[in-house]
Amino acid sequence: MTEERRVARVKHVLILGAGFGGLELAGRLSDSVADEVRVTLIDQNDGFTFGFSKLDIVFGGSDASAVQLQYRDLAKPGVEFRQERVTAIGPAARHVTTDRGSYDADVLVVALGAEYDLEATPGFAEGGLEYYSIAGAERMRDALPEFSGGTILIGVLAQPYKCPPAPFEGAFLLHDQLVERGIREQTEIRIVAPMSAPVPVTPEVSQRFLDELAARGIEYTAQQTVVELDPAAKEAVLETGERLPYDLFVGIPIHRVPAVVRKSGLADGGWVTVDRDNLMTPFPDVYAVGDVVDLPMAKAGVFAENAAGVVADDIIARIHGQTVGRRYEGEGNCYIEFGSGRVAKVQANFLGGPSPRATVVGPSAELAAEKAAFAPARRARWFGDASA
């Protein structure tokens, strides 16, 4: 076979977004079919940060640069990273435009995640804190030492949002910090959320979180949503019109599909519609993975990672003229900081049966060690060896 004929068979896989889903997919294709695909991985950022590392910034004193994986270090065969901002997506033709050029793909994968809309809640950007972004985590870290007691109000501003346990992890770690500073007795912590119960994947999981909150004297107010902040009065306005006073407001921002995805026609229902078995959109050879997808399940990195595995298998099978042997079940394990150095894990499967299944395991020292090994293992798997 001539070199020209061999090259002609190579498929161009274009991945938009280098988060959990994009990195996992690029790595799997590199490991399995590096000689049959050419992968272009595009992200507007210069590095990746694990979601749980933002808690390390807020409560552990970590520097943002220390917890970031730089994309320039990516060294997977057949994978090229380009730091560019996607400006237009044409799913029918699998054509993508960025601020630096344009691309045509044999296979297009949209993994651009969810964006945070702080402006959607009036007063939040000026009068609230959040730890879902790096900048927000740094701002909250710097603000907490100035807090000397009063009411901390934590508001989940809408559903869906990334990592369902994260608001409660934040509350547990806030409790620990206030105890350590000797001002917990002078502080009330309240959580206001639209869900009927925290982490409502199953009643058992929700009850575990309710028990943990109660043990710390943290109040949970269900089925209420903060729709506005009045920073001058330091009051949060609920959708009922009731006003709740606060001394410190911490919000989980409203999540949106990225504007470029919305304009592409992929997300007419608010999020991207996909086949729940193989995550292909209604457009042939166009997939979507991760937080951008419209599926009845939680948004979190581990689910994006597992989704990417299914998409990789589907792409590889189609290249070889085969049918993939498994379907996406929406499964994954999320680590949970319970405070005092305790780490537990939620094991969940959202789509593999007639109803979601989930259980809380731990906390235990073994799970704390397992979580500590999670990021280094992904770093090795996704980025490869630049010295090789």
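Rank by packing, highest mean first: peptides 218-224, 157-163, 61-67, with packing defined as the count of other Cβ atoms within 10 Å averaged across residues. Spell out each step's value before the answer.
Details: 218-224: 16.0, 157-163: 20.3, 61-67: 12.9.
For the peptides 218-224, 157-163, 61-67, the packing ranking is 157-163, 218-224, 61-67.
Between E180 and D247, what is the spin-label point distance in nm, taking each point 7 Å from the Cα along the Cα→C-beta axis?
Here the answer is 1.9 nm between the modelled labels.
So who's got an amide H within less than 5 Å of the one on E228, skipping anything under 5 residues away but keeping other chains? H placed 1.01 Å off N, in plane.
Amide H neighbours of E228, under 5 Å, 5+ apart: V237.
Suppose every K and R has +1 on its Cβ and every D and E has -1 on its Cβ; what is the size of the dipole of the chain about the Cα centre, in Debye to the nearest 20?
Numbers: 38 positive and 54 negative charges, 179 e Å.
About 860 debye.
Tell me, what is the FRET efficiency for A66 and T240 to the nearest 0.05, using R0 = 30 angstrom and their Cβ-Cβ distance as r?
Values: r = 43 Å, r/R0 = 1.44.
Efficiency at R0 = 30 Å is approximately 0.10.
Would you work out if region 116-252 is rounded, prolate or oblate? Take a ≥ b ≥ c from the square roots of the eigenvalues of the alpha-carbon gyration tensor; rounded if a/c is under 1.5, else prolate when a/b is larger than b/c, oblate otherwise.
Numbers: a/c = 1.39, a/b = 1.06, b/c = 1.31.
Because its axes are fairly even, with a/c under 1.5, region 116-252 counts as rounded.
When the chain is fully extended, how far beyond the present Cα-Cα distance does Q223 get from D277, taking 0.36 nm per residue of separation? Intermediate values should be presented prior to the final figure.
On the way: separation 54, 0.36 × 54 = 19.44 nm, distance 3.18 nm.
Working it through step by step, the gained length comes to 16.3 nm.
Between V250 and residues 5 or more places away or on another chain, which pairs have amide H atoms under 5 Å apart, with H built 1.01 Å from N, and which residues are they?
L129, L153, I154, G155
Cβ under 10 Å from V237's Cβ, V237 left aside: what net charge do those residues give with Lys, Arg +1 and Asp, Glu -1?
On the way: positive: R243; negative: E228, D230, E235, E239, E242.
Computed value for this residue: -4.
On a full-extension model of 0.36 nm per residue, what is the gain between F147 and D268, subtracting their alpha-carbon distance, rounded to one decimal in nm?
Details: separation 121, 0.36 × 121 = 43.56 nm, distance 4.29 nm.
Fully extending the segment from F147 to D268 adds 39.3 nm.
Residue separation times 0.36 nm, minus the C-alpha to C-alpha distance between H320 and A34: what's the value? Let's see the in-between values first.
Working: separation 286, 0.36 × 286 = 102.96 nm, distance 1.37 nm.
Result: 101.6 nm gained on full extension.
When the helix-only estimate is applied to the chain (DSSP H runs of n ≥ 4, each -39,500 (n - 2.57), divided by the residue count), what is the mean residue ellipticity at 222 nm, nearest 500 deg cm²/dmol? List each step's numbers first, then the result.
On the way: 10 runs with 115 residues, N = 388.
Calculated mean residue ellipticity at 222 nm is -9000 deg cm²/dmol.
Lys and Arg at +1, Asp and Glu at -1: add these up for the other residues within a Cβ distance under 15 Å of D314 and post the number.
On the way: positive: K11, R28, R276, R318, R326, R327; negative: E24, E36, D106, D275, D277, D285, D313, E329.
Here the count lands on -2.
Where a number appears in this text, it was derived from the coordinates with a stated rule and is not lab data. Predicted model only: the values in this text are computed from it and were never measured. Here Cβ is always computed from backbone atoms with ideal geometry, including for glycine, and neighbour counts include all displayed protein chains.
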